[in-house]
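Nothing in this text is a laboratory measurement; each read-out follows from the coordinates by a stated rule. From a predicted model like this one, the values you see are computed outputs, not experimental measurements. Neighbour counts are summed over all protein chains in view; Cβ atoms, including those assigned to glycine, are modelled from backbone coordinates with ideal geometry.
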Amino acid sequence: MKQIPNIFTLLNLFLGCIAVVFALQTESFIIKVDGEGATSFNIPEKIALASFFIFAAAVIDFLDGFVARLLNATSEMGKQLDSLSDVVSFGVAPAVIMYQLLRISFIKEENGLDTQLLWLLPAFILACAGAYRLARFNIDTEQSYGFKGVPIPAAGLLIASFPLILFYGNSIINVNEWLTNKWVLYVIIAAVSWLMVSKLPLMALKFKDFSIKNNLPKYILVALAIVAAVLLKWLAVPVVFIGYIILSLLYKQK
């Protein structure tokens with residue numbers, strides 16, 4: 001029984017590995033140029049599949065902790081195994097997705113196929129920042145009901161949402177040009193990496209009780225997530241991510 005939570009954790013890792021495989025299987029990009037010289041391109045479906053597997057890994061990541069507490073099977077090994085799995089599912093896999101988005105951003109430009117690898121490597125700063133964030137979390141005993149810096153699953157899901165936003169689109173707000181602009185992507189890499197390694201006081205989505213007084217920012221975040229999901233589809237993920245940071249800073253954890 002004590003190994004059941006670890007099986008869930010390894011499933012998280014397994015799904016993260018599959019996400020990496022799909023994110024890498026995007027060698028063919030179809031580039032079209034219209035009569036006015038404007039370019040358009042396809043978003044390979046396998047990048048979107050990679051994102052779905054990252055989201056599936058996040059569900060399993062939640063369940064392994066739940067199952068461990070339910071079976072009273074928490075352990076130091078489980079904690080370390082969880083971090084190792086998270087590095088792959090929410091660090092490496094999203095970094096590979098960002099690598100591919102940078103490729104797309106350069107392909108749009110003239111001579112973009114000749115882009116040097118050096119311009120694409122910043123994507124992996126995300127994985128490095130995530131690993132650092134997890135290592136610091138594992139030796140910090142003060143992050144039970146609050147976090148210092150953005151948790152790596154939140155950062156990973158943010159990056160994983162980008163291909164889904166691009167692939168499925170949104171009729172209300174079109175951000176495709178932004179998400180395929182290399183300078184915007186570089187800013188996102190820098191910002192998300194800094195948020196993970198920073199010591200900003202951010203709330204953990206755990207409930208000591210269910211009173212509105214003690215959980216107001218969490219209830220606001222849940223309401224924001226529901227409304228955003230209905231109106232914005234996958235664009236709701238970055239909206240909720242930003243809302244999470246703003247609400248955390250407004251209601252700082254002591």
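Among 59-72, 153-166, sorting by the average number of other beta carbon atoms lying within 10 angstrom of each residue, highest first, gives 153-166, 59-72.
Report which label in (1) 49, 48, 40; (2) 74, 53, 32; (3) 63, 37, 29 holds the value of Cα extents along the principal axes in Å derived from the coordinates of this structure. Given (1) 49, 48, 40; (2) 74, 53, 32; (3) 63, 37, 29, the calculated one carries the label (3). Exposure proxy shown here: for Ile47, Ile7, Ile125, the number of other Cβ atoms within 10 Å sets the order, fewest to most, as Ile7, Ile125, Ile47. Straightening the chain between Asn72 and Val230 buys 53.2 nm, computed as 0.36 nm per residue apart minus the Cα-Cα spacing. Estimated purely from DSSP H runs of n ≥ 4, each contributing -39500 (n - 2.57), the mean residue ellipticity at 222 nm for the chain is -21000 deg cm²/dmol once divided by its residues. Express in whole angstrom the spacing between the alpha-carbon centres of the stretch 122-191 and the stretch 192-254. Each part's Cα centre sits 14 Å from the other's. Ordered by the count of other Cβ atoms within 10 Å of each Cβ, fewest first, Val230, Val222 give Val230, Val222.
Against the main long axis of the alpha-carbon atoms of the chain, helix 182-197 sits at an angle near 10°. Kindly express, to the nearest 10 degrees and within the range 0 to 90, the angle between helix 93-107's C-alpha long axis and the longest C-alpha principal axis of the chain. For 93-107 against the chain, the angle is about 20 degrees.
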